[in-house]
Structure formats: structure tokens, C-alpha cells
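Working notes for the structure below.
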Amino acid sequence: MLKKILGKAVTTLAGRDDFAIPKHDSPLFAGLDWEKLPKHVAVIMDGNGRWAKGQGLMRTAGHKAGVKTLKNILKTASGLELDALTVYAFSTENWKRPEVEVDFLMNLFSEYLNKELQEMHENNVQIHFIGRLDGLSDSLQKQMREAVELTKNNTGVKFNIAANYGGQDELVRAMQKIAARVQAGELAPADINEALVEENLDTYGNLPVDLVIRTSGDMRLSNFLLWQAAYAEFYFTDVNWPEFSPECFVDALRDFASRDRRFGGLNEDKK
Ligand code: FPP
């Protein structure tokens, strides 16, 4: 039994430091239907705290382990040539956590940008941030702007990090921007349509979300990408984020490939 557990620990790619962007013919992608991949995947990286508790560690150790997972999932997304990967790093509601945990997370984001930016740039990743960024520290905002500027001409996966993000807050901000234009006489209320709302969202320029993955067993959206996920498929797994490996990610994509997406219509064979 012990051998079995250890065997699993050494064969999984979760949190591995030496994980490189997998090539198309990597065994990791065996049996994957490349025609049916999602273009935009969004991830609720949940369960860092529960994982840490299970290991007898502090919650913060779970967040640190979560960074390793994130690095490997981003590389997998690059290998799959996904158009966009959007991750929920910090919600507008996460300020309710103890101050030490909030401070730890803010430092972790800063450290992540310091240490990983160059490699992400070399990997052709285009970095964006979504959320109410002016609620973050000036130094973190500066790092974020620099990351966006450095990677803006990259043509690989769009990597959107949601920080101080809430879907309701994003919609309120979009409505405020539109209302100001109506008040200025630039627009009539009848000019407001879906395209205009989208133009005013933080994610403008991204394709709609095809797949939302949530780790760690809870089955809710938690104020993430409320507009963008209108027709997304959902994939829930009990695996905690620090143990969510590239194999787990590819499993989610295999599951996605089996879904019957109708977008409110009927499939050809049912017409
Ligand atoms: C949810 O787990 C996770 C978070 C609120 C933070 C997510 C942050 C990371 C994965 C760190 C890496 C991110 C970046 C962008 C560097 P939880 O703490 O709510 O877990 P629990 O539900 O088990 O308590």
C-alpha cells in the first residue's frame, strides 16, 4: 500500500519543479481530441488551506504550494495552445480573511511576478490582470503594469490573473462607465447591447469562457466571471489545488470534449 502511495507521488506531475511545456506528442496528451479543446479555460484554484491542514501545515504553505501548481498548469495551457487561461487569485471578498493571510497572499503575488515574469515572457505568455486593481498596493500595481507592458506583444496563451476581482463588481464598474457616456449624451439607453457591455468588462478582447474548473469539491461560481461564463461548461473535482496536476487538467479537458454544447439551440441531428 505504502509503495502504491509513494508510486503515485513520484509519477504525478503536480507541483514538479522541472516540468517543461509539453509538446503535442507528449504522453500527457494521449487520446486528447485536439479539435474539441476549449479555447478559454477559467480556474477557481480552491483548497489550498484544506490541503495544508491535511499535511499538518499552515494555510500559507498551501498557497505557496498552489503557486507551483499554477506554474505547471500554465505551461500545460501553453503546450495545448489554449487561447486564454483565467485564474481566480484573490476575490473582492477575500479581504475578509485574517490580515496575516491577506498580507501573505499579496507578498506571494509580488514574489511570483518577480521570479516568474521572465520565464513567462520567454514562453510567449501574454499577461493581463482583471479586477479592481486600484485597491491593491502601489508597488504591486506597478509590478502588474510592468508585466503587462513586457508581455503585451506576445502571441501565446493570454494569462489573466483575477486579483481583487468580483464578477458583480466588474459589472457595476462597466455599468458606471456606460452610464457616464449616456449622461454625457454620447449614447442613448437603446444603444446599450451585449457587445457594449462586453467592451466595458475587464476581460475585453478575450473569447467567452468555454470551461470553468473548480478544485476542492465545492460546486459554486463564487462571483467569478458571471457574464463571461454564460455558456461555460463546469468541471468540479475533489482534488485540492496544490495536488491538481497537469494530468488532472487534461482529464478536465477530456471531459469537456465529451460535452454536448448547444448554446440554447438544438444540435444538427435533433433538428
Ligand atoms: C483558495 O484556497 C485560494 C486562494 C484564495 C488563493 C489562490 C492563490 C494561489 C493559488 C496562489 C498563487 C496565485 C498567484 C497568482 C501567484 P483557500 O485558501 O480558500 O482554500 P480552503 O478553501 O481549503 O481554505
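Taken together, the values in this text are just the output of simple stated rules run on the coordinates, not laboratory data. Predicted model, so just to flag it, every value in this text is computed and none were measured. Cβ placement follows ideal geometry from the backbone for every residue including glycine, while neighbour counts extend to all protein chains displayed.
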Around Arg173 (Cβ within 15 Å, Cβ-to-Cβ, excluding Arg173; K/R +1, D/E -1) the net charge comes to -3
Note: the chain, point scatterers on Cα, Debye, no solvent; log10 I/I(0) at q = 0.08, 0.09, 0.14 Å⁻¹ equals -0.35, -0.44, -1.06
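Tally Lys and Arg at +1 and Asp and Glu at -1 over the other residues with C-beta under 11 Å from the C-beta of Leu37: what net charge comes out?
On the way: positive: Lys36, Lys39, Arg254; negative: Asp33, Glu35, Glu81, Asp83, Asp210.
Result for the neighbourhood of Leu37: -2.
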Expected sort for Thr69, Thr92 with the fewest Cβ neighbours (10 Å cutoff) up front is Thr92, Thr69
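When Lys and Arg each count +1 and Asp and Glu each count -1, what net charge do the other residues less than 14 Å away from Asp138, Cβ to Cβ, add up to? Display every interim value, and only then the final one.
Numbers: positive: Lys142, Arg145; negative: Asp134, Glu146.
Taking every Cβ under 14 Å from that of Asp138, the sum is 0.
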Violations at 30 Å Cα threshold for listed pairs Lys23/Lys64; Lys36/Lys96; Lys75/Lys142; Lys23/Lys142; Lys36/Lys75; Lys64/Lys152 -> Lys36/Lys96; Lys23/Lys142
Magnitude of the Cβ-charge dipole (Lys and Arg +1, Asp and Glu -1) of the chain about the Cα centre, nearest 20 debye, reported as 740
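Neighbouring Cβ atoms within 10 Å as the yardstick, rank Ile73, Ile161 fewest first.
Details: Ile73 25, Ile161 22.
Going from sparsest to densest Cβ surroundings: Ile161, Ile73.
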With the dipole of the chain defined by +1 on each Lys or Arg Cβ and -1 on each Asp or Glu Cβ, the option from Leu28, Asn153, Ser110 whose Cα lies farthest towards the positive pole is Leu28
Per the helix-only model, the chain has a calculated mean residue ellipticity at 222 nm (DSSP H runs of ≥4, -39500 (n - 2.57) each, divided over all residues, rounded to the nearest 500) of -13000 deg cm²/dmol
By Cβ neighbour count within 10 Å, fewest first, Phe249, Phe19, Phe244 rank Phe19, Phe249, Phe244
